[in-house]
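In what follows, a structure is listed as structure tokens, so that the remarks can point back to it.
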Amino acid sequence: MIQIARRVVSQDMSAHFAVLDLPAAPALRRWSELRMSVERPAGQAAEDWAARIAAIANRQDREAFAELFRHFAPRVKGFLRRNGASDAQAEEIAQEAMLTIWRKAQLFDPAASGAATWIFTIARNLRIDAIRREKRGGGLRVEEVEAEYEIDATPTPDAQIVAAQSEASVRGALDALPDDQLKVIQLSYFEERSHGEIAQALQIPLGTVKSRLRLAMKRLRSELEAER
Amino acid sequence: MTIEHHPEEATLTAYAVGALDLGQRVAVATHLAACPRCRGWTRAMERVGGAFVADSPPVAMAADALARTLARLDAPAPAADAAGRETADAPIELPKFVRGYDFGRWRWVAPRIRMRPIHLPEASPTRVFLLKSAPGATIFAHAHTALEMTCVLRGAFHHEGGRYGPGDFDLGDETVSHQPRVESESECLCLIAMQGELRWSGFWGRLAQPFVRL
């Protein structure tokens with residue numbers, strides 16, 4: 001837990017990367033370790049978030065909502081902070097994301113995605129909307145972003161190379177990546193650092209960032225196809 | 001119809017995490033509408049996003065956050081705009097949300113080549129337009145000052161990278177200079193998302209440069 005506390009994002013980029021570089025606080029821990037570090041209420045099927053979303057959809061279960069909120073809101077906020085959102089913006093988006101879960105619970109399809117994946121897409125859309133509103137003002141219009149991610153195509157199951165992945169198999173694929181490859185994926189896509197910033201943080205040449213990222217993507221694809 | 005040219009995994013991942021600008025997202029979504037393989041990858045990257053959210057170190061919410069959110073649960077959801085308006089002659093190959101945008105008028109670019117701007121609802125560093133080339137047309141040799149994404153809607157063209165038919169995706173950048181040639185059987189319609197400017201080369205290109213701003 002000390003390591004997690006030390007990883008709280010600093011507004012100051014160099015300080016942030018200084019934290020990343022400390023040997024005591026590795027930039028990325030294995031998924032399995034991260035999962036063990038999550039505290040769970042004793043005797044409760046804490047992982048069954050999909051059932052709680054269903055409870056909201058079926059009977060507007062406020063207790064289920066509160067449990068989802070207590071678990072996911074701080075994680076969504078942490079995720080957004082790492083992505084460079086300010087504390088106020090991360091707080092607002094996390095609250096809106098939870099409200100969206102309540103309002104759209106009946107649209108959640110556990111066969112199509114896990115709860116965390118669905119919540120990720122909700123937060124992503126809200127963040128795009130927030131950036132858009134900074135530019136042009138106006139109220140929340142996240143339904144526009146939602147429409148932008150709706151690809152009206154008919155599913156063709158035989159051709160879906162990696163579509164059938166569960167969250168567990170995606171974790172398996174991530175776990176199989178070498179540390180340095182996982183780190184560039186995290187920094188590039190989930191902390192939105194530029195290649196230049198990554199090169200500086202990891203003290204590797206710019207060209208190595210690009211080639212390592214490419215290698216990581218290829219490896220991830222082959223792992224995902226193997227896990228299928 | 002087999003799609004042979006796909007966006008790179010990195011581009012699709014950037015799409016999945018919301019890191020592309022709107023113009024680029026339009027180009028990638030146009031490819032995705034035609035390509036189950038890339039839809040699969042994109043969905044897998046959303047699951048990676050889910051894993052990152054699930055395992056993010058929690059950051060404490062404001063003390064009253066849960067109470068405030070609970071108090072908002074019963075408020076009616078804001079009415080969504082009655083979407084569904086579509087530009088009547090927008091190509092059906094485009095994703096629905098793109099067909100809902102305002103399209104400009106077809107404009108002359110060069111002999112046998114026309115373009116039609118698509119007006120995005122927000123300022124984007126990337127401009128998006130349709131490019132229609134007559135059968136057998138050769139598009140000027142050109143280079144790019146920044147990223148250019150092309151997705152073929154109908155017809156086909158060839159350049160050094162191979163043949164590009166419906167659904168195929170081509171990424172050009174400052175390192176690429178090419179001269180696409182449209183197949184002779186039918187006209188070619190592409191959606192193009194372009195950052196920066198084109199640099200024309202060759203006789204016709206230099207001649208057209210002062211007049212054409214794609």
Provide a whole-number value for the mean count of partner chain Cβ atoms within 10 Å of the Cβ atoms in peptide A:137-148.
4
Histogram of C-alpha separations across the range B:89-136, 10 Å bin width, %:
25, 50, 23, 2
Relative exposure of B:D55, A:D87, judged by other C-beta atoms within 10 Å (fewest first):
A:D87, B:D55
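Quick one: if the Förster radius is 25 Å, what FRET efficiency do B:R105 and B:E185 give, using the C-beta to C-beta distance and rounding to 0.05? Intermediate values should be presented prior to the final figure.
Details: r = 27 Å, r/R0 = 1.08.
For R0 = 25 Å, the calculated efficiency reads 0.40.
Give me the inter-chain shielding for A:106-119: mean count of other chain Cβ atoms within 10 Å, whole number please.
Numbers: counts 0, 0, 0, 0, 0, 0, 1, 4, 5, 3, 10, 11, 3, 4.
Across A:106-119, the average partner-chain Cβ count within 10 Å equals 3.
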Excluding residues on the same chain fewer than 8 positions from A:K104, give the lysines whose Cα lies under 29 Å from its Cα.
A:K77, A:K135, B:K96
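Could you give the C-alpha radius of gyration of the range A:67-116 expressed as a fraction of 2.2 N^0.38 Å, taking N as the number of residues it contains? Before the final figure, lay out each step's value.
Numbers: Rg = 11.6 Å, N = 50, 2.2 N^0.38 = 9.7 Å.
Relative to the 2.2 N^0.38 Å estimate, the range A:67-116 comes out at 1.19.
Which FRET efficiency value, to the nearest 0.05, do you get for B:R37 and B:D173 by plugging their Cβ-Cβ distance into 1/(1 + (r/R0)^6) with R0 = 25 Å? If you can, show how the numbers build up before the last one.
Working: r = 23 Å, r/R0 = 0.92.
After rounding, the FRET efficiency stands at 0.60.
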From fewest to most C-beta neighbours within 10 Å, the residues B:T126, B:T2 line up as B:T2, B:T126
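Which number comes out as Rg/Rh for the range B:38-133 once both Rg and the Kirkwood Rh are worked out on C-alpha atoms?
Details: Rg = 21.5 Å, Rh = 18.4 Å.
Expressed as Rg/Rh, it is 1.17.
Work out how much length B:A146 to B:R85 would gain on full extension: take 0.36 nm times their residue separation and subtract the Cα-Cα distance, in nm to one decimal. Please list the in-between numbers first.
On the way: separation 61, 0.36 × 61 = 21.96 nm, distance 3.26 nm.
Using 0.36 nm per residue and subtracting the Cα-Cα distance, I get 18.7 nm.
Cut-off is 10 Å between beta-carbons; in what order do A:F79, B:F129, A:F72, A:F65 appear when sorted fewest neighbours first?
Details: A:F79 30, B:F129 20, A:F72 26, A:F65 23.
By the 10 Å Cβ count, ascending, the order reads B:F129, A:F65, A:F72, A:F79.
Between A:R59 and A:K218, take the C-beta separation as r, use R0 = 51 Å, and let me know the FRET efficiency to the nearest 0.05.
Working: r = 46 Å, r/R0 = 0.91.
The formula returns an efficiency of 0.65 here.
Laboratory data are not the source of any read-out in this text; all were calculated from the coordinates shown. Since the structure is predicted, the reported quantities are computational estimates derived from the model, not experimental observations. Every residue, glycine as well, gets a Cβ built from its backbone with ideal geometry; the counts of neighbours run over all protein chains shown.
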